[in-house]
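Reviewing the structure listed below.
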2 protein chains.
Amino acid sequence: MAAPNVLTEAKNTIMPAMTAALERLSPEIRRVIDYHMGWRDVDGRPVERRGSKSIRPALALLSAQAAGGDPQEAVPGAIAVEFINNWAFLIDDVMDGDSFRRQRETAWVVFGEGQAICASAALLNLGQQILLESASPNRVAALTLVLQTVERMLVGQTLDMTFEERSDVSIDESLVMTRSKTASLMRCACSIGAVLVGGPPATIDLLGEFGECVGVAFQARDDILGVWGFPPQTGGRPRGFDVRARKGTLPIVVGLQAGGTVGAELRTLRDKPELTDDDLDHSIRLIEQAGGLAWTRDLARNSVDRALKLIRELPEEIHSPLATLAALGQPDDVQTEPGHAASSTGR
Amino acid sequence: MAAPNVLTEAKNTIMPAMTAALERLSPEIRRVIDYHMGWRDVDGRPVERRGSKSIRPALALLSAQAAGGDPQEAVPGAIAVEFINNWAFLIDDVMDGDSFRRQRETAWVVFGEGQAICASAALLNLGQQILLESASPNRVAALTLVLQTVERMLVGQTLDMTFEERSDVSIDESLVMTRSKTASLMRCACSIGAVLVGGPPATIDLLGEFGECVGVAFQARDDILGVWGFPPQTGGRPRGFDVRARKGTLPIVVGLQAGGTVGAELRTLRDKPELTDDDLDHSIRLIEQAGGLAWTRDLARNSVDRALKLIRELPEEIHSPLATLAALGQPDDVQTEPGHAASSTGR
């Protein structure tokens, strides 16, 4: 599937400044980042670039345009959100013990946990330094937004881990996790451009709200993949990955909260130290019976719908690219059964 | 040994603002921080406060005074450096697999690696947020200094890990690691107060240089402890800890670089997958023969001397407290043999 033009354009816009920024890293840190970004192999040899789709940088550039400003002024913000996103990927992989991302071994597997942790922190720090290269009020406001975002992401990440030890996570709690962990960065990406061009507060808020909706949709879609997804849509994760990892994601929590035998059986299975393949299949069926798939799919669709409504208040030339990016949160192409895309089961 | 007054005063000065700042953390993150700081036990019950000696906050407050400013204006900087120091402790313990700090189990042992990593990042982020609560030019300059410091610390930490895989680390490389990993934060602590009160650049530089010297002394002292130190001076680490961990600290590198059989034997021992107790004792003796202890002790002493010379150019009322803190980098009280303090071996 070809990337939408708006993503290719964003990548081209930020790449020179991003490459220059990464030059500041020490060689030892740089090799971890270059590998993680999908630019080089373990031995430092250039590879055909895969890696990030640049959704968040694209949103940051569009955000500046939406506020009537020059997207070039948003480039430091676009790079900062891209770095934050990859910081989160790097430490998530360590914390979750994930061995694969984007069809490759994760950085901690290749370089060790410590190297991955340091490289991730260096990337986050570099994004903040780029914003503060100029100390204008807009830059300082953008950095304040970034610090708030990192704060929320860490709250979400911490909840994520805490939920693994609980079988009584409520839907509201899971939604807080989703908003903190994922929607916060999408909010940041969608508003930081407007902040950097000094846009009106009402536009910044509206863009932030748009981002929050898109972020919820993205996470809901990802949660569906975490239970029903097959490689390669999951980047290499096996079906039922989040169930085995005892995650408290939205569809799983809808299942755990179900009344009667469905919820009770699910909670019993969750408390087992190890799930057999049959246990896993049974758990997934129970989550479906509880409505976990339908509920999460509806949440994603409704969140995208709300995002699309919000952009009507923005300049018209921005509607189409923002709508294209918001639509990436749609869960309809997620394949939930071997050979069957979810969209074919009707909407 | 009672803490010098200047440390107690600093702790009292920053505690209200630091406590207020920590209130912003989520309960899940807070419990990890409160445990790590030595304020609460695993179950959240208050314990007799041990924890940090507040050396870096004290230096930050004195730094403001040294530049002729009000130490109160340096409180956000003092808290930021205290948080950075604890961020580094938390992730160092994860990366080095250390089980004990300040005579207690480390946070990652108690709460898991993921919780410790997130809590550490949240603490670092909080320190940055406190600085940016006001967006005055001095605050922005202080945050710029903090970001540079974190950059250097991560370079040093990464080198530290890289050195564990090498037996050919040079003394210069080890010094770069020492400066990056440790002296950078001491430089930040010693200059951030002056930055926050808008002190003259020459004073800021002089204080930074003072801090760099103190930092080198502190790390050299710590490196001695890492080879020769006994609990409780090491906070619970066994003698020879850094040798077993294949660290590239200063005394060890002096040993590895030694000519003749001493260096060769040391490199051979270092390449063994596992050291017996005899191997360890032999390694330590070889490092001594190579002059690793004397060299590192001299470095610490000379660095403190240089720091003491630098403060002569500062206002007189600041000499005594700065000298007291610099002297904490002296290695003379480090016990290098059971029952024998190093100072008793003469200077």
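How far apart are the B:ASP298 label points across copies, placing each 7 Å from Cα toward Cβ, in nm, shortest first?
Output for B:ASP298: 7.8 nm, nearest copy listed first.
Once a ≥ b ≥ c are taken as the square roots of the eigenvalues of the Cα gyration tensor of the range A:3-329, is the result rounded (a/c under 1.5), prolate (a/b larger than b/c) or oblate (a/b not larger than b/c)?
Working: a/c = 2.03, a/b = 1.35, b/c = 1.50.
Taking the square roots of the gyration eigenvalues as a ≥ b ≥ c, the range A:3-329 is oblate.
Classify the range A:203-287 from the C-alpha gyration tensor, please: rounded if a/c falls under 1.5, else prolate or oblate depending on whether a/b exceeds b/c. Intermediate results must be reported in sequence, preceding the final value.
Details: a/c = 3.29, a/b = 1.73, b/c = 1.90.
Here the range A:203-287 falls in the oblate category.
Which value in nm describes the separation of the simple spin-label points at B:ASP43 and A:GLN233, placed 7 Å from the Cα toward the beta carbon?
For the pair B:ASP43/A:GLN233, the computed spacing is 4.7 nm.
Quick one: buried accessible area between A and B, total over both chains, 1.4 angstrom probe, nearest 100 Å²? Before the final figure, lay out the partial values.
Values: alone 15030 and 15020 Å², together 27150 Å².
About 2900 Å² of accessible surface is lost on pairing.
Once both labels are modelled 7 Å past Cα along the beta-carbon direction, what's the B:ASN302-A:SER167 spacing in nm?
Reported label-point gap for B:ASN302 and A:SER167 is 6.5 nm.
Using r as the Cβ-Cβ distance of A:HIS282 and B:GLU316, and R0 as 60 Å, what FRET efficiency do you calculate, to the nearest 0.05? Let's see the in-between values first.
Values: r = 78 Å, r/R0 = 1.30.
The formula returns an efficiency of 0.15 here.
Tell me, what ³J(HN,Hα) does each residue in the range B:246-253 have, in order and in whole Hz, if you take phi through Karplus 6.51 cos²θ - 1.76 cosθ + 1.60 with θ = phi - 60° and put x for Gly and Pro?
After applying 6.51 cos²θ - 1.76 cosθ + 1.60, I find 6, 6, x, 6, 4, x, 5, 5 Hz.
Return the whole-Å distance between the Cα centroid of the range B:197-267 and the Cα centroid of the range A:50-111.
So the separation of the two Cα centres works out to 37 Å.
Taking each residue of A:118-127 in turn, how many C-beta atoms of other protein chains fall within 10 Å of its C-beta, and what is the average? Intermediate values should be presented prior to the final figure.
On the way: counts 11, 2, 3, 12, 7, 1, 5, 10, 4, 1.
What the average comes to for A:118-127 is 6.
I'd like to check one number: the per residue accessible area of the range A:3-329, probe 1.4 Å, reported in Å² as a whole number. Before the final figure, lay out the partial values.
Working: 12230 Å² over 327 residues.
Accessible surface, normalised per residue, equals 37 Å².
Please identify, among A:ALA220, A:ALA66, A:ALA202, the residue showing maximal mean-square fluctuation in a Gaussian network model of chain A using a 10 angstrom Cα cutoff.
Checking each option, the largest mean-square fluctuation is seen for A:ALA202.
Anything in chain B that counts as a DSSP H helix reaching 20 Å or more along its axis (C-alpha) with Kyte-Doolittle mean of at least 0.0? List them, would you?
Working: long enough: B:5-22 (25 Å, 0.51); B:75-96 (31 Å, 0.86); B:113-131 (28 Å, 0.78); B:137-163 (39 Å, 0.54); B:201-228 (40 Å, 0.58); B:292-310 (27 Å, -0.31).
Sorted by number, the helices that extend far enough and score high enough are B:5-22, B:75-96, B:113-131, B:137-163, B:201-228.
What list of ³J(HN,Hα) values in whole Hz, one per residue of the range A:229-234 in order, does the Karplus curve 6.51 cos²θ - 1.76 cosθ + 1.60 (θ = phi - 60°) give from phi, with Gly and Pro shown as x?
Along the range A:229-234, the couplings run x, 10, x, x, 5, 8 Hz.
Report the gain in length on full extension from A:ALA327 to A:ARG102: 0.36 nm times residue separation, minus Cα-Cα distance, nm rounded to one decimal. Don't jump to the answer; show the numbers that get you there.
Details: separation 225, 0.36 × 225 = 81.00 nm, distance 2.09 nm.
Extra length from A:ALA327 to A:ARG102 when fully extended: 78.9 nm.
Step through the table entries A:LYS53/A:LYS247; B:LYS11/B:LYS247; B:LYS53/B:LYS247, compare each Cα-Cα distance with 27 Å, and write down the pairs that go over it. Walk me through the intermediate numbers first.
Numbers: A:LYS53/A:LYS247 25 Å; B:LYS11/B:LYS247 33 Å; B:LYS53/B:LYS247 25 Å.
The pairs that break the limit, which is 27 Å between Cα atoms, are B:LYS11/B:LYS247.
So if the hydrodynamic radius of the protein assembly as shown is defined as the Kirkwood radius over C-alpha pairs, what does Stokes-Einstein give as its diffusion coefficient at 20 °C and 1.002 mPa s, in µm² per second? Walk me through the intermediate numbers first.
Values: Rh = 26.8 Å.
Result for D is 80 µm²/s.
How much of B:MET18 can a 1.4 Å solvent probe reach, expressed as accessible area in Å² and rounded to 10?
10
Based solely on C-alpha atoms, express the radius of gyration and the Dmax of the range A:43-173 in angstrom.
Cα radius of gyration and Dmax of the range A:43-173 are 16.9, 49 Å respectively.
Select from B:VAL110, B:VAL150, B:VAL47 the residue whose mean-square fluctuation is largest in a Gaussian network model of chain B (Cα-Cα springs shorter than 10 Å).
B:VAL47
Under a Cβ-only charge scheme (Lys and Arg +1, Asp and Glu -1), can you give me the dipole magnitude of the protein assembly as shown about the Cα centre, in debye to the nearest 20? Let's see the in-between values first.
Values: 70 positive and 92 negative charges, 104 e Å.
Dipole of the protein assembly as shown, to the nearest 20 debye: 500 debye.
Helix-derived [θ] at 222 nm for the protein assembly as shown: sum -39500 (n - 2.57) over DSSP H runs of at least 4, divide by residue count, nearest 500? Write out the running numbers ahead of the final one.
Details: 32 runs with 450 residues, N = 694.
Result for the protein assembly as shown: -21000 deg cm²/dmol, rounded to the nearest 500.
Quickly work out the B:LYS272-to-B:GLN148 label distance, labels modelled 7 Å from Cα along the C-beta direction, and quote it in nm with one decimal.
Result: 4.5 nm between the two label points.
Report the gain in length on full extension from A:GLU9 to A:GLU209: 0.36 nm times residue separation, minus Cα-Cα distance, nm rounded to one decimal. It would help to have the intermediate numbers written out before the result.
Values: separation 200, 0.36 × 200 = 72.00 nm, distance 2.41 nm.
Taking 0.36 nm per residue and subtracting the Cα distance, the gain is 69.6 nm.
Under 10 Å, Cα contacts only: if you run a Gaussian network model on chain B, which one of B:LEU269, B:LEU124, B:LEU62 comes out with the highest mean-square fluctuation?
Of the options given, B:LEU269 has the highest mean-square fluctuation.
So the label point sits 7 Å from Cα along the Cα-to-Cβ vector; using that for B:PRO201, what distances do you get to the other copies, in nanometres, sorted shortest first?
Those separations, rounded to one decimal, come out as 3.7 nm.
Out of A:VAL47, A:ALA327, B:GLN335, whose Cα points farthest toward the positive end of the dipole of the protein assembly as shown (charges: +1 Lys, Arg; -1 Asp, Glu; placed on Cβ)?
A:ALA327
The values are calculated or read from the model by the stated rules, or taken from the named source; none is laboratory data. Just so we're clear, the structure is a prediction, and the values are computed from it rather than from any experiment. Positions of Cβ are generated from backbone atoms using ideal geometry, with glycine treated the same way; all protein chains shown enter the neighbour counts. For accessibility, only protein heavy atoms count, side chains too; no ligands or nucleic acids. Shrake-Rupley method; radii C 1.70, N 1.55, O 1.52, S 1.80 Å.
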